[in-house]
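Peer 1: Below is one structure. I have some questions about it.
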Amino acid sequence: MAEEPDNIVLRYLRRIDERLERVEDRLEHVVARLNSLEDQVVGLRRDFVRLEHRMDGFEARLDRIERRLDVVDS
């Protein structure tokens, strides 16, 4: 078989295809990092909610202590 003449359109299509593959690879990497960040934000929200519940408990305990010591403003 004789060698085909180099078609400029095919050359450009191959280049575009190579670049598209690189973009897809980078996009997969970015998506993985974004998923990781989302997981971390969810964890921070859980921690924040847990801290809020603990603070509510501390506030209730402090109210009881103040009432027992009779230091509550009426």
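Read-outs throughout are calculated quantities, based only on the coordinates presented, and are distinct from any laboratory measurement. Every value quoted in this text rests on a predicted model; they were computed, and no experiment measured them. Don't worry about glycine lacking a Cβ; one is built from the backbone with ideal geometry, like all the others, and counts go over all protein chains shown.
Peer 1: Mind checking whether some residue in the range 44-61 is without any contact (Cβ under 8 Å) to a residue 60 or more places away in the chain, assigned to a loop (DSSP other than H, G, I, E, B) and out of contact with any Gly (no Cβ under 7 Å at 6 or more places or on another chain)?
Peer 2: Scanning the range 44-61, I find no residue that is without any contact (Cβ under 8 Å) to a residue 60 or more places away in the chain, assigned to a loop (DSSP other than H, G, I, E, B) and out of contact with any Gly (no Cβ under 7 Å at 6 or more places or on another chain), so the answer is no.
Peer 1: Moving to a separate point now. Any residue at all in the range 33-49 that's surrounded by 10 or more Cβ atoms within 10 Å (Cβ to Cβ) and over 20 Å from the mean Cα position of the chain (by Cα)?
Peer 2: No: zero hits.
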